[in-house]
Amino acid sequence: MVSSRKRFLAGMLARFVAIGLICSACDPEPSAWKTAQSQNTIESLEQYLDKFPDGLNAEEAHTSLASLIDTREWNIAEGTTDIGQRIETYQTYLDTHPDGEFTDTARTKLDHLSHELTLRAIVTLDRI
């Protein structure tokens, strides 16, 4: 009796596992999340969130997306060479990302650039 009961339970367990595998294969969200994670781009995360706005990984996707956007906009600010444009891009970064990863650095650089502009203005006035 014990062995037939064990066989029965083993058979039931195998059926549940098979059903679980079939159901997980039918759910496209885990695959979409895995793709978004592996690509780790703004586009891939936006695609995941468009398809699964309330998905199991939506919160993590939003966090990753915000970090990527923050980094992209910081790189834009860092890539400008004109002092006036740099001041403008740092200020835009601070306005857009008040709690961003590079906020403290942007404030420091903005202060230095403002001082540099002030010194240039003083030197220019002294020459007049």
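Read-outs: derived from the displayed coordinates by stated rules, not from any lab. Owing to the predicted nature of the structure, the values given are computational and were not obtained by experimental measurement. Cβ placement follows ideal geometry from the backbone for every residue including glycine, while neighbour counts extend to all protein chains displayed.
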Which length gain, in nm to one decimal place, applies between I128 and Q39 when the Cα-Cα distance is subtracted from 0.36 nm times their residue separation?
26.4 nm
With Cα springs under 10 Å, the Gaussian network model of the chain assigns the largest mean-square fluctuation among I83, I69, I42 to I83
Using a Förster distance of 41 Å, the FRET efficiency for D50-T105 (Cβ separation, nearest 0.05):
0.80
Selected from T35, P98, S3, residue furthest toward positive end of dipole (the chain; charges at beta carbon)
S3
Charge dipole (debye, nearest 20) of the chain; +1 at Cβ of Lys and Arg, -1 at Cβ of Asp and Glu
1100
